[in-house]
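In what follows, a single structure is set out as structure tokens and then discussed.
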Amino acid sequence: MIVFVRYNLGPGVAVELQEESSVAELKELVGSQQGVQPEQLRVLFAGTELQNSSTLQSCDLPEQSTVHVVLPSAGSSSQLHQNHLARSDLGSSHLLPSSPSSPGPAEVLEGRQEAAEESPSGVHTCSTFYVYCKSCRSVQPGKLRVRCRSCRQTTMTLSRGPSCWDDVLIPGRIRGNCQSEGCHGNEAEFYMKCATHPTPDDDPSVALDLIMTNTRDVPCIACTDVMEVVVVFPCSERHVICLDCFRGYCEARLGERRFVCHPVIGYSLPCAAGCEDSLIRELHHFRVLGDEQYGRYQRYGAEECLLAIGGLMCPSPSCGAGLLPPDGSRRVECDRPLGCGFIFCRDCRESYHQGACQAALALSTGEASQGFLVGGEAALRGRWDRESLLLIQETTKRCPQCSVPVERNGGCMHMQCPRCQTEWCWFCGVPWNRDCMGSHWFG
């Protein structure tokens, strides 16, 4: 295997060793290259000083990992924790149940050590973190790393390993000693990297703390299947949902425009079971949707924000540009070059006109009156457009708040606009009120 060695913060030098090689052999190799006695060197990796008797494989060093080899500084302590970050179990913070009888995702993680000990290959199985990798543009297994918050070097040795996600996400929870020469920093800063390919230290990935390995075989609340990787909602019941069902849940709520707006978090979703205080706080979890659907989610958030501040979107087909027209003006122009130049009425979203808005689109029912011939393909396309407009007129009514056509496919007269969430009456076309509820709720 190839390991990159940085001696006293120098450039990384590639060293080829066997996985069964010991840390003592690595020290001998570096000592011979640098003219230093091997027993004077300290090998640091992931916040831990590696012991001479440990093998590279037992230290959880992936291929092309970077290790620091330093000379001990004056006053440095040798009493350091020996738990590797790759083996840390962070289930106790976000994942503890609210009551002793309530099962939770902490149980999902509790079986990791047991699973490792029962591995038929006899090789230790590390706890798995998940991240969103910008290079892979997808959710990938991740690895936890630490650096000094002062000098930003990865030569920090920790006084203890992280025991929960708060230790990782909240700065200043864990301290240690920076082994860089001249640096006296003692505050650790954790970050995540993608585990599927080598990445530099200045290219971190976003930690997805709700995605984890389902080692306790907890069934999905939607499909009841037991899947290897699951999402655990931050609710008191710690409901578990598989990734496929989570995608379906997000896509359904996105299609219905029913994400929840939080003033700090943004547009997020609660637990699929409807639990209170269960909003997903790290919005990168929605990267599970893939690039196309995540793009829809971003557009949805931008549209909802625009509507909330009094803006509107161009109604022209294939445009949809966001506009902030001046107050009190019915004439709205979709500005170029970002828009299409369409000029429309602010009230009815049709082409701009003088006078009152028409209740319905005026469609010609007679023969064409223009004095030129129209090709067969163009005539067919025009007939399709006319039939589409007729269908829209017959099956939809406009929201009294934002004028968006809304279709009613059954049920009562109580409607909710999917665009602005206004509740209104299909029968009389006004905001929903007690008269509508009493006289014609069901027709």
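The values are calculated or read from the model by the stated rules, or taken from the named source; none is laboratory data. Nothing here was measured: the structure is a model prediction, and the numbers come from that model. No Cβ is skipped: glycine too gets one built from the backbone with ideal geometry, and neighbour counts run over all protein chains shown.
Looking for whichever is free of Cβ contacts under 8 Å to residues at least 12 places away in the same chain and farther than 15 Å from TYR130 by Cα here; the options are THR224, THR157. Which one fits? Let's see the steps before the verdict.
Numbers: THR157 fails: free of Cβ contacts under 8 Å to residues at least 12 places away in the same chain.
On inspection, the qualifying residue turns out to be THR224.
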| For region 54-172, list the helices (runs of 4 or more DSSP H) that sit wholly inside it and hold at least 1 residues that are at pLDDT 55 or above; which are they? | 165-169
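Have a look at ASN186, ASN177 and point out the one that is more than 20 Å from ARG6 (Cα to Cα) and touching a strand residue (DSSP E or B) at 6+ places or on another chain (Cβ under 9 Å). Break it down stepwise before answering.
On the way: ASN177 fails: more than 20 Å from ARG6 (Cα to Cα).
One residue alone meets the criteria, ASN186.
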| query | Restricting attention to region 237-264, which residues are within 15 Å of ARG296 (Cβ to Cβ), in a loop (DSSP other than H, G, I, E, B) and in contact with a strand residue (DSSP E or B) (Cβ under 9 Å, 6 or more places away or on another chain)? | reply | PHE259
| said: Would you confirm whether or not region 193-216 contains a residue that is under 11 Å from VAL146 (Cα atoms) and among the aliphatic types (A, V, I, L, M)? | reply: no
| Inside region 189-207, can you point out the residues that are hydrophobic (A, V, I, L, M, F, W, C) and either assigned to a strand (DSSP E or B) or out of contact with any strand residue (DSSP E or B) (no Cβ under 8 Å at 6 or more places or on another chain) (or both)? | PHE190, MET192, CYS194, VAL206, ALA207
| said: With the structure loaded, tell me whether TYR267 is over 21 Å from LEU44 (Cβ atoms) and not in a loop (DSSP other than H, G, I, E, B) or whether it fails that test. | reply: yes
